[in-house]
Amino acid sequence: MEKMKKIAVLTSGGDAPGMNAAIRAVVRAGIANKLDVYGVLRGYKGLISNEFIKLKSTDVSKIIQTGGTILGTARSPEFREKEGRTKAFENLKANKIDGLVVIGGDGSFAGASLISREHNFPVIGIPGTIDNDLYGTDYTIGYDTALNNVVDAVDKIRDTASSHDRVFFVEVMGREAGFIALRSGIACGAEAILIPELDGQVDKLMTFLADQGKKKKSSIIMVAEGKKEGNTLEIARLVESKFPELDVRVSILGHIQRGGSPTAYDRVTASRMGVAAVDALLNDQRSIMVGIADNDITHVPLNKTVKLHKTVNPDLLDIIDLLI
Ligand code: F6P
């Protein structure tokens, strides 16, 4: 096998705070190992349109504390097609790139796994998404910052909810998963947490509101955006119609959850994963994600991260029932 000389890194899918820390780590670990490191702009779109830039160590100075991604990101329908991936591979070869690091979520890893297998090309994934919904890793980059963003916002909502005796439905991101809602809901002391992984929660909420209405009037109901029993507005309307005496409001937190300076945890995790990704390329790994399990770096085949489904922590589910 030829010695690795040039590697490239890109960010793909929804941006996540801490992606810059991961880029910085890949660039600096690469250079420390005598590799040339290239950044690809705008994710797979830039891979297809040949947007490579050489990165020096100083190009990644003072970015560890910034949100977003200096390389830009995109969702690329073209890369879902074989033709798009072939074009991307041709550009990698034309730029003499020997290995690629993809920082992104499950959609990005699906593409990474395919280009790696179709062209026998080394691709290492770094899990970067606020959703934390990737199989094979306890944490994804950006999740911790998003949780703290939610906690910060909900603490403020709590002030006004208590002052007005209001029931607030707060919708958080997470796509089809409830990891953000579950953990931030516990951190905020939410009175109820509605997540896609659990069924029959809306009926339970009605019973809960009927009971708690006798005790206190203000509450926070955390709702994951992927809740299948109805969206946040529909559930809130149902509650209003059943309990006209309650003063109900809905707050959809939206993209504010994805922004801001990454937490120390996200910065350190991203730095560890970036270094591990370069190590993996140097050790001839071809199609894996560098994850984190029990605080250790792990290697998980990319196709497993795409095919298998991460489940919510049952201990956290028990906590909801006990503490609410
Ligand atoms: O995957 C990250 C995420 O923020 C999800 O939580 C959310 O459903 C989605 O991206 C929003 O995507 P976009 O920024 O493209 O609207």
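Tally the residues that are touching a Ser or Thr at 6+ places or on another chain (Cβ under 6 Å) and open to solvent by 10 Å² or more (accessible area, probe 1.4 Å), restricting the search to the range 117-138.
Matching residues across the range 117-138 total 3.
Could you please give the count of residues in the range 179-199 that are open to solvent by less than 50 Å² (accessible area, probe 1.4 Å) and in contact with a Leu (Cβ under 8 Å, 6 or more places away or on another chain)?
Taking the range 179-199 and keeping what is open to solvent by less than 50 Å² (accessible area, probe 1.4 Å), we get 179-182, 184-185, 188-196.
Restricting the remaining residues to those that are in contact with a Leu (Cβ under 8 Å, 6 or more places away or on another chain) gives 180-182, 184, 189, 192-195.
Number of matching residues: 9.
Can you pull out the residues in the range 1-55 that are more than 16 Å from the ligand (Cβ to nearest atom), of a type outside the set (A, V, I, L, M, F, W, C), more than 17 Å from Ser271 (Cα to Cα) and open to solvent by 70 Å² or more (accessible area, probe 1.4 Å)?
Answer for the range 1-55, where residues must be more than 16 Å from the ligand (Cβ to nearest atom), of a type outside the set (A, V, I, L, M, F, W, C), more than 17 Å from Ser271 (Cα to Cα) and open to solvent by 70 Å² or more (accessible area, probe 1.4 Å): Glu2, Lys3, Lys5, Lys34, Asn50, Lys54.
Conditions first: (1) crowded, with 18+ Cβ neighbours inside 10 Å; (2) away from the ligand (no atom under 16 Å from the Cβ); (3) not in a helix (DSSP H, G or I). Ala161 passes all but one, so which condition is the exception?
(3)
Can you tell which of Arg272, Arg249 is in a helix (DSSP H, G or I), basic (Lys, Arg) and in contact (Cβ under 8 Å) with a residue 40 or more places away in the chain?
Working: Arg249 fails: in a helix (DSSP H, G or I).
When all the criteria are applied, what remains is Arg272.
Select from the range 58-113 the residues that are without any contact (Cβ under 8 Å) to a residue 40 or more places away in the chain and within 16 Å of the ligand (Cβ to nearest atom) and list them in ascending order.
Pro77, Phe79, Arg80
Would you call Met19 of a type outside the set (Asp, Glu) and at pLDDT below 95?
Considered against the rule, which asks whether it is of a type outside the set (Asp, Glu) and at pLDDT below 95, Met19 comes out as no.
I'd like to verify a number: residues in the range 304-324 that are part of a helix (DSSP H, G or I) and farther than 13 Å from Glu191 by Cα, how many?
Residues of the range 304-324 that are part of a helix (DSSP H, G or I), as a first pass: 304-307, 314-323.
With farther than 13 Å from Glu191 by Cα added as a condition, the list becomes 304-307, 314-318.
Of the residues in the range 304-324, 9 are part of a helix (DSSP H, G or I) and farther than 13 Å from Glu191 by Cα.
Among the residues of the range 254-262, is any hydrophobic (A, V, I, L, M, F, W, C), more than 26 Å from Leu322 (Cβ to Cβ), loosely packed, with under 15 Cβ neighbours inside 10 Å and touching a residue at least 40 places away in the same chain (Cβ under 8 Å)? Can you show your working first?
Within the range 254-262, the subset hydrophobic (A, V, I, L, M, F, W, C) is 256.
Now drop any that are not more than 26 Å from Leu322 (Cβ to Cβ), which leaves 256.
If we keep only those that are loosely packed, with under 15 Cβ neighbours inside 10 Å as well, we get 256.
Remaining after also requiring touching a residue at least 40 places away in the same chain (Cβ under 8 Å): 256.
Yes, the range 254-262 contains at least one residue that is hydrophobic (A, V, I, L, M, F, W, C), more than 26 Å from Leu322 (Cβ to Cβ), loosely packed, with under 15 Cβ neighbours inside 10 Å and touching a residue at least 40 places away in the same chain (Cβ under 8 Å).
Of the residues that make up the range 61-78, is at least one within 21 Å of Ser113 (Cα to Cα) and either charged (D, E, K, R) or in a strand (DSSP E or B) (or both)?
Yes, there is a match, as at least one residue in the range 61-78 is within 21 Å of Ser113 (Cα to Cα) and either charged (D, E, K, R) or in a strand (DSSP E or B) (or both).
The values are calculated or read from the model by the stated rules, or taken from the named source; none is laboratory data. What you see is a predicted model, and the numbers here were worked out from it, not measured in a lab. When we count neighbours, we look across all protein chains shown, and the Cβ atoms used for this are built from the backbone with ideal geometry, even at glycine. With ligands, DNA and RNA removed, areas are computed over all heavy atoms of the protein, side chains included. Shrake-Rupley method; radii C 1.70, N 1.55, O 1.52, S 1.80 Å.
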